[in-house]
Amino acid sequence: MLDVHFVILGAAIGAVGQALYVRDTVRGDTQPNRVTWLLWAIAPLLAFAVEIHSGVGLRSLMTFMVGFGPLCVFVASFVNPAAFWEITRLDYVCGALSVLGTAGWLVTRHGMVALVAALAADGLAAVPTVVKAWRDPRSESANVYLGGLANAGITLLTVDRVTSAVVAFPIYILVVATLLFALVAGRLGPRLRASSADIGTV
């Protein structure tokens, strides 16, 4: 188990990944889905508020960073017109469901119910970007997901007393960041589609 102050290192690594994503967005090299990144800002910041209320302490820094970074990305997406990813019906549906999850937090104000609602809202917000990373990984940047993976992993390694409030959001971030990093860095979508096409021609 790591000392709890290693959470700061994890947050710093995550911040570097987010800063690189913002840079790529401003350059137009990356086209973030605005629905995802806006809601990725709201849900973690709500979860951060729940964690503070639940006495999570320094480990809640990870949750704050995974909310603040997306807010910066969302703002950066308006700087360069080439950084815009076209919003589809799927984005609107997932966004609306994510907002409902966020509303669940606002209505209940109950710790665990609020945390589950925040996780559901964040997960639904992730769907459009997961689909985008599958279809066109070149429109994404893997750095931010690698940073998020490291941030969540380090945070989990500092946990000395496992409770839902402490580990729920880091575990969720670890899973989503790993999935997106694999899709973007590994170009899994195009590779699997190419393999299917090759099999079909045999």
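Coordinate-derived values only; no laboratory data. All values reported here derive from a predicted model rather than from experimental measurement. Here the Cβ positions follow ideal geometry from the backbone for every residue, glycine too, while neighbour counts run over all protein chains shown.
Some observations on this one:
- Dipole orientation for the range 6-201: of the candidates V35, S195, A133, S195 has the Cα lying most toward the positive pole (charges on Cβ; Lys, Arg +1; Asp, Glu -1).
- C-alpha long axis of helix 188-201 to longest principal axis of the chain, angle in °: 40 degrees
- Nearest 10 degrees, 0 to 90: helix 164-185 Cα axis against the chain principal axis: 20 degrees
- Electrostatic tally near V4: other residues with Cβ closer than 13 Å to its Cβ, Lys and Arg +1, Asp and Glu -1, net 0.
- Hz values of 3J(HN,Hα) by residue in the range 39-51 - Karplus curve (6.51, -1.76, 1.60), Gly and Pro given as x: 6, 5, 7, 5, 4, x, 5, 5, 4, 4, 4, 5, 5
- Footprinting exposure proxy ranking of W40, W85, fewest other C-beta atoms within 10 angstrom first, gives W85, W40.
- Our note on the geometry: Cα centres of the range 11-25 and the range 109-166, 15 Å apart.
- Each other residue within a Cβ distance under 12 Å of V79 adds +1 if Lys or Arg and -1 if Asp or Glu, for a net charge of +1.
- Think of the chain as having a plus end and a minus end, set by charges on the Cβ of Lys, Arg, Asp and Glu; of Q18, P70, I87, I87 sits farthest toward the positive end of this dipole.
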